[in-house]
Amino acid sequence: MADGIIPPGLPEDPFHRRLHHVVPGGLTSETAQTSGMYRRAAISGATVGASRLWMGQTHVAPATSSANHHHGDSETAIYVVSGTPSFVFLDLEGDEPREVRVETRPGSYVFVPPFVPHREENPDPGTEAVVVIARSTQEAIVVNLPDLRWTTG
């Protein structure tokens, strides 16, 4: 755009579109869900017209584990707001596959690569865990799985 030409796919005037402010009460539960957790969308195609990004909150109740799942070809970034959630995945390096727990606390960041099966756990018996999630697709892709292994067929 240095030469003043607007690239294909952008609106006629990409510099004068409005910003979107989503307040806490504006989050919606009309997004993909996994048992054991509660997702609320803030930024998505449906909420603000995003085309390449999804962002929202996930709440995991005390002493609860989510179902195993992955997020398709979407990269996922997680920021822990409150609680001490654990993120569990299957490490396939080495002789035998083993479950690995990533223990977190407020201020921690976690990156989940595309297609990696995982689950969230909240081991705290009295405190809800809340995280902010950003994904590289505007759709909240969630594929629920019976376990952390990939199966074919």
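No value in this document is a laboratory result; all are computed from the given coordinates. Everything numeric here is computed off the predicted structure, so don't read it as measured data. All Cβ positions, glycine included, derive from the backbone under ideal geometry; neighbour counts span all protein chains shown.
Things worth noting here:
- The chain: Rg to Rh, with Rh as the Kirkwood radius over Cα pairs: 1.05
- For the chain, built as a Gaussian network whose Cα springs stay under 10 Å, the top-fluctuating residue of GLY25, GLY83, GLY56: GLY25
- Local electrostatic count, ALA140, Cβ distance below 15 Å [Lys/Arg +1, Asp/Glu -1]: -1
- Charge context of PRO62, other residues only, Cβ under 15 angstrom, K/R +1, D/E -1: -4
- Under 15 Å, Cβ to Cβ, from SER44 - net charge with Lys/Arg +1 and Asp/Glu -1: +2
- Residues in the stretch 41-70 that a label on THR28 would reach, taking backbone N under 12 Å of a point 7 Å out along Cα→Cβ: 41-50
- Least to most buried among GLU121, GLU99, GLU93 (fewest other Cβ within 10 Å first): GLU93, GLU99, GLU121
- Chymotrypsin sites (Phe, Trp or Tyr not before Pro) within the stretch 12-73: DSSP coil, no more than 10 neighbouring Cβ in 10 Å: PHE15
- Each of SER74, SER65 has some number of other Cβ atoms within 10 Å of its Cβ, and from fewest to most they run SER65, SER74.
- Modelled this way, with points 7 Å down the Cα-to-C-beta line, the labels at TRP150 and ALA63 are 3.7 nm from one another.
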